[in-house]
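Shown next, in structure tokens, is the structure this report addresses.
The values are calculated or read from the model by the stated rules, or taken from the named source; none is laboratory data. Computed from a predicted model, the values in this text were never measured in an experiment. Neighbour counts run over all protein chains shown; Cβ positions are idealised from the backbone, glycine included. Heads up: the accessible areas ignore ligands, DNA and RNA and are worked out on the full protein's heavy atoms, side chains in. Shrake-Rupley method; radii C 1.70, N 1.55, O 1.52, S 1.80 Å.
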Amino acid sequence: MEMNILAFFASALTTLVTGFIWYNPKVFGTIWMREARITPDDLKKGSMLKIFGLTYIFSLMISIIVSALTIHQSGALGMVGGPPMLESAKPSFAAFMADYGTAYRTFKHGSLHGFLTGVFFAFPMLAINGLFERKSWKYIFVHAGYWILTLTIMGGIICAWA
């Protein structure tokens, strides 16, 4: 199974692009700052290069997991022991991949799985953290909405392009 490594780098950019729009004061930025109890001056502190650089690295890590959740052929590859074991895989694996190697490799399908990952994985984690941190539901939903949208786009890019 061939993978386009550029899909991972491109999808990782979605966290930055989506965040730039989502957390803009004209969208949800004002609500987020109020609910997080931070000011525009607070946002000017810290190294933006470090923040954006680490965000991109973490986003690359997320893209690897999103690929496993959106590309069903990854599961089939795992069943034979991964890429190092392809040479010793049974002929039925090659036949399966010949028949279904590109099945469900669309932006729409990846977006569906990315959306489900956002709703059933990211949202519960954010909600749990928000509850223990005594954050408002507005705060939780702003962050959850961002991750649901971002994972939806990431899933679409990875599934269609990887």
Exercise. Restricting the search to the stretch 116-137, which residues are surrounded by 15 or more Cβ atoms within 10 Å (Cβ to Cβ) and more than 19 Å from the chain's Cα centre (by Cα)?
Worked result: GLY130, LYS135
Problem set entry | Near pairs, Cβ below 9 angstrom, 6+ apart or cross-chain, from the stretch 125-142 (closer than 19 Å to TYR23 by Cβ) to any residue that is loosely packed, with under 12 Cβ neighbours inside 10 Å | TYR139/GLU133; ILE140/LEU131
Exercise. Taking the stretch 1-12 on its own, how many of its residues are open to solvent by 80 Å² or more (accessible area, probe 1.4 Å) and touching a helix residue (DSSP H, G or I) at 6+ places or on another chain (Cβ under 9 Å)?
Worked result: 2
Exercise. Under the condition of being open to solvent by 80 Å² or more (accessible area, probe 1.4 Å) and of a type in the set (Phe, Trp, Tyr), which residue from the stretch 85-115 is nearest to TYR146 (Cα to Cα)?
Worked result: PHE115
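For residues in the stretch 13-41 being open to solvent by 60 Å² or more (accessible area, probe 1.4 Å) and in a helix (DSSP H, G or I), which is nearest to GLU2 (Cα to Cα)? Walk me through it before giving the result.
Residues of the stretch 13-41 that are open to solvent by 60 Å² or more (accessible area, probe 1.4 Å), as a first pass: 13, 17, 20-21, 25-28, 30, 34, 37, 39-41.
After this cut, where a residue has to be in a helix (DSSP H, G or I) as well, the list is 13, 17, 20-21, 30, 34, 40-41.
Numbers: LEU13: 22, VAL17: 27, PHE20: 32, ILE21: 33, THR30: 43, ARG34: 46, PRO40: 45, ASP41: 47 Å.
Looking at residues that are open to solvent by 60 Å² or more (accessible area, probe 1.4 Å) and in a helix (DSSP H, G or I), I get LEU13.
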